[in-house]
Amino acid sequence: MKSILLHVDHDKAFNARLQVALDLARATGGHVTCLQAINYEIFAPGDFYGSAIAAAMPVIKESAEQLRAQIEARLASEDVAWDWRFLYGMAVHRLLEHSPLADVVIVGPADVGFDGHGPSALVGDLVLRSPVPVLVVPGNAGSFDVTAPVMVAWNGSAEAAHALRAAVPLLAAARKVWLVSVAEDADKPRFDVPALEGAQYLSRHGIDCEVVEVPRGEAKIGDTLFSAAQMRDCGLMVMGAYGHTRLAEMLLGGVTRQMLSAPKLPILLAH
């Protein structure tokens, strides 16, 4: 992955995803584009004349400039090619505008200023609308080893197939690839695309993988997948996102929602 689009902001996970972006670029000879978007569209109840917005603008801009100076000082000492895009507007819109010529978009798991337990709205919009995969990096992620084992969460859906195809450059670098599905109690056929077809696709790219089915037990599917990845010392999980409509996942729950609410390791997502 040569063209890496990195979301820059003040959230707690930024340092982790910056390190992941640098490690990925260093391993692939890639280029990191740091995209920092600041948004003045602040809604203040009763602020009919925009006085609160006017007062906040200099503070927001100064904070953004300080963050940029700190990061650029670090990047100057790294052996990685990079550039900086300082833009106005909502981050999701600016990231989508710049994603068509990227190979991957790297973001954090939570929206800025949000400490609750729920998936990021920014991640959801990017995954559904971006033409490239989205790499979600949790704040506890350390360095990113492209040769570490990778687990592909397989449910036989078109979304899982899209994620598998998007992940080929990373899977090719991994020393071990696992194609893991979670066994369900229902006897009805569960796969539109059988796992063996996914393995055959990878083999045509010179990638060997091991197909595994793990029992779900009493745990949620997301917890089962994370446990399977941790047992295999995986440094990355690949999965399709929002197999149902996003609204249905928000209302009824869903694997994507659960996984993004508290990711245990970097997750590469595609829809």
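Rule-based calculations on the coordinates, nothing more; no lab input. In this text the structure is predicted, and so the values were computed from the model without any measurement. Heads up, the Cβs are rebuilt from the backbone with ideal geometry, glycines too, and the neighbour counts pull from every protein chain shown.
Side notes on the structure shown:
- The residue 63 and residue 196 beta-carbon pair, evaluated with R₀ = 51 Å, returns a calculated FRET efficiency of approximately 0.45.
- Other residues whose C-beta falls under 12 angstrom from the C-beta of residue 131 contribute a net charge of -1, scoring Lys and Arg +1 and Asp and Glu -1.
- On the basis of the beta-carbon distance and an R0 of 45 Å, residue 203 and residue 77 show a calculated FRET efficiency of 0.60.
- A full extension of the chain between residue 214 and residue 261 corresponds to an added length of 14.7 nm, given 0.36 nm per residue minus the alpha carbon distance.
- Peptides 19-32, 1-14, 197-210 ordered by average Cβ neighbours within 10 Å, highest first: 1-14, 19-32, 197-210
- Taking Lys and Arg as +1 and Asp and Glu as -1, the other residues whose beta-carbon sits under 11 Å from that of residue 75 total -2.
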